[in-house]
């Protein structure tokens, strides 16, 4: 049975009719995959699957996503972002999406390796004696820098290069991060958006497979300021905490150990 793949006209134009047909026939399509949008497993034999082509200056990489998450499309990225994603995704998954071979002078199509998952938690945190809406992001495993061969974790340095700042005091609001935003629609969390490459519209750095319900308190707090405090820590630093006070304690421990970066992002949507 052929895979249930969606290949848009723009993806077909990049990879060519012959490669497109091989994908649709199942020759180069995976049976199972990690969705490049929501990072959860997918199955091309059981559900509609989008082909997503990440195109750099010299390289292109084909990734797969639930059709319910994003449509088949071509996503322009810088060559550095693409190479970094390909190498670092080889172990744990980074926030950047995977990629594929392309048209004309581009290398052959390749499937992105398995990625680690970015866990995200919504909560309220007291900063300057005021409840603030916060997101806490922690990957499920170490994230390697492009070209790294060791077993180190470069998650925080990679985020700092994107403009996140080390958070040394939880009582101080994180610094604003230009171009990034948190997408909330109809009271549900949809995505964390990052600036697009080359002046293109913003793209999802993290996107929910199914929009996440947020508490009334969180929604009310974000509606007062239209800002969200986004904290990130390496795998194993925070953990899943059942209460917001325990979450704050875990953030404080990570902060004291120099394992926390953060940014203030504006709210997109309502």
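The values are calculated or read from the model by the stated rules, or taken from the named source; none is laboratory data. Not measured: the values here are computed from a predicted model. Cβ sites come from the backbone with ideal geometry, for glycine too, and all protein chains shown count toward neighbours.
Worth pointing out:
- Some residue of region 241-257 being closer than 18 Å to residue 172 by Cα, outside any helix (DSSP H, G or I) and at pLDDT below 90: yes
- Among the residues of region 40-63, the one identified as closer than 26 Å to residue 1 by Cβ and modelled with pLDDT under 75 is 40.
- Here is the figure for region 210-240: residues that are in a strand (DSSP E or B) and buried (at least 16 other Cβ atoms within 10 Å of the Cβ) total 7.
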